[in-house]
1. Among Ala245, Ser227, Gly289, flag the residue with its Cα farthest along the positive direction of the charge dipole of the chain, charges on Cβ as +1 for Lys/Arg and -1 for Asp/Glu.
2. Suppose R0 equals 60 Å; then what is the FRET efficiency for Asp364 and Thr281 from their Cβ-Cβ distance, rounded to the nearest 0.05?
3. Report the charge-dipole magnitude of the chain in Debye, nearest 20, computed about the Cα centre from +1 at each Lys and Arg Cβ and -1 at each Asp and Glu Cβ.
4. Treating only the Cβ of Lys, Arg, Asp and Glu as charged (+1, +1, -1, -1), what charge dipole size does the stretch 51-136 show about its Cα centre? Round to the nearest 20 debye.
5. Under a crude label model (7 Å from the Cα following the beta-carbon direction), how far is Gln323 from Lys105 in nanometres?
6. What ranking do 219-227, 244-252 get when scored by the average of other Cβ atoms within 10 Å per residue, highest first?
7. With springs only between Cα atoms under 10 Å, which of Asn349, Asn390, Asn85 fluctuates most in a Gaussian network model of the chain?
8. With only Lys, Arg, Asp and Glu charged, each at its Cβ (+1 for the first two, -1 for the last two), find how big the charge dipole of the stretch 253-336 is about the Cα centre; round to the nearest 20 debye.
Amino acid sequence: MRAVCRVLSLTIAAFALVMLTGCPPTQPAGETSPKPGETPKTDPGNKPTAGGAGTKTSWGEDGGVVIGSYMSLTGGTATFGQSSNMAMGMAVEQANAKGGVLGKKIKLVVEDAASKAEDAANAAQRLLDVHKVCLGIGEVASSLSLAAAPSFQKAGIPMLTPASTNPEVTKKGDCIFRSCFTDDQQGAYVASFAIKKGLKKGVILKDITSDYSKGLTEVIGKVFPGSGRTIDRVEAYKQGDRDFAAILTKIKELKPDVIFIPGYYEEVGLIIKQAREQGITATLLGADGWDSPKLAEIAGASLDDKCFFVNHYAQSDPRPVVQAFVTEFRKRYNEDPDALAACAYDAMNIALRAIERAQGTDKDALKKALAATKDYDGVTGTITLDADRNASKSCVVLGFEGGKQKAAGTITPADLKAK
Ligand code: PHE
């Protein structure tokens with residue numbers, strides 16, 4: 001079903017492009033991409049698996065600069081890693097088609113973090129010990145980045161997380177960088193959206209196995225209350241839980257206006273479905289962890305126009321850098337790039353530019369160059385790293401229509417101050 005939808009949406013996208021530009025989408029010279037229905041091309045270093053391009057473990061060419069990534073290609077947050085992987089591979093292939101970096105070809109080696117903290121730590125260690133990478137990109141889920149960061153810090157090799165938002169990640173040391181906003185910002189965005197909507201009675205459902213969820217819960221709990229607004233209850237669940245009936249029954253009695261669900265798509269999808277089945281009509285509000293094609297698959301028709309989440313980018317953003325990325329990603333992979341893909345694409349390009357500015361892969365020069373990232377015009381916005389190696393950025397709010405994401409506004413750092 002998902003494949004059929006993808007082919008359909010690609011066909012519609014291509015049709016729309018022809019209608020807009022009067023010509024079919026063109027392809028950069030020297031690059032090939034699969035046609036709808038074809039499997040993406042693979043290279044000899046690739047382990048063929050069920051996930052297609054999303055689970056490729058090497059991209060690019062040998063003999064030059066080796067960059068490593070640890071990402072979850074399997075397990076409960078696999079779509080995060082798979083999307084990121086495809087986007088990083090695309091960035092590497094695009095750069096290699098233009099001659100690589102500093103005249104050298106780029107190779108990306110990917111180790112599976114398997115959606116588990118322990119596996120993430122081992123994957124990071126393998127990148128350092130076996131593949132001798134000059135830089136690591138990973139992870140998405142904050143708990144996994146937190147588990148792997150000490151290995152990079154100990155080795156003095158820079159690690160750049162494209163999408164881990166928990167504030168603690170970059171506090172692991174001066175080798176750890178992030179090219180997205182933190183949950184201090186994201187949580188405030190979530191709360192401020194609820195405030196703007198005039199919602200008063202809130203409850204939070206938090207995943208106590210996730211540093212991401214725990215951090216966001218804290219921020220929402222600080223920013224939302226006041227002026228007649230309250231958080232009446234915080235209920236806990238665990239990654240892997242499937243039956244939320246008992247929790248939802250308790251929440252229903254409280255008659256909340258808004259239920260904040262700062263979790264990941266697997267559990268969030270089930271919570272949304274079961275909440276609506278129980279007749280809970282409150283606004284359901286979340287953050288970037290909702291972003292997966294699986295959310296709509298799991299929640300079905302329950303994913304209605306009272307469900308919203310804060311995210312890093314919107315596919316419909318008309319900025320040329322966004323549209324070029326979306327078009328090329330769809331052309332290569334026959335699917336829409338989610339925020340993970342956008343964040344990972346930006347992270348890889350920031351890393352490549354840092355290598356260029358560092359004039360090589362010396363770890364200290366590379367760290368300095370990364371720290372100096374300024375005004376990078378990325379798919380997820382303009383990226384400047386601050387003194388704490390984080391990026392302050394705007395967010396988009398996404399709603400849903402017929403199971404498809406629909407842009408519902410933007411919130412900027414200035415909006416938060418104005419509140
Ligand atoms: N921000 C999430 C975390 O830190 C990961 C995530 C990023 C999920 C972007 C979806 C989209 O755990």
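1. Ser227
2. Values: r = 56 Å, r/R0 = 0.93.
Step by step, r from the Cβ atoms, then E = 0.60.
3. Details: 51 positive and 48 negative charges, 97 e Å.
Here the chain has a charge dipole of around 460 debye.
4. Values: 8 positive and 8 negative charges, 56 e Å.
In debye, rounded to 20, the stretch 51-136 gives about 280.
5. With each label placed 7 Å out from Cα toward Cβ, I get 3.4 nm.
6. Working: 219-227: 17.2, 244-252: 15.6.
So the peptides 219-227, 244-252, ranked by packing, come out 219-227, 244-252.
7. Asn349
8. Details: 9 positive and 14 negative charges, 43 e Å.
Using only the charged Cβ atoms, the result is roughly 200 debye.
Readers should treat all values here as calculations from the given coordinates under stated rules, not as data from a laboratory. Just so it is clear, the structure is predicted and the values come from calculations on it, not from any experiment. Here the Cβ is made from the backbone with ideal geometry for all residues, glycine too, and neighbour counts use every protein chain on show.
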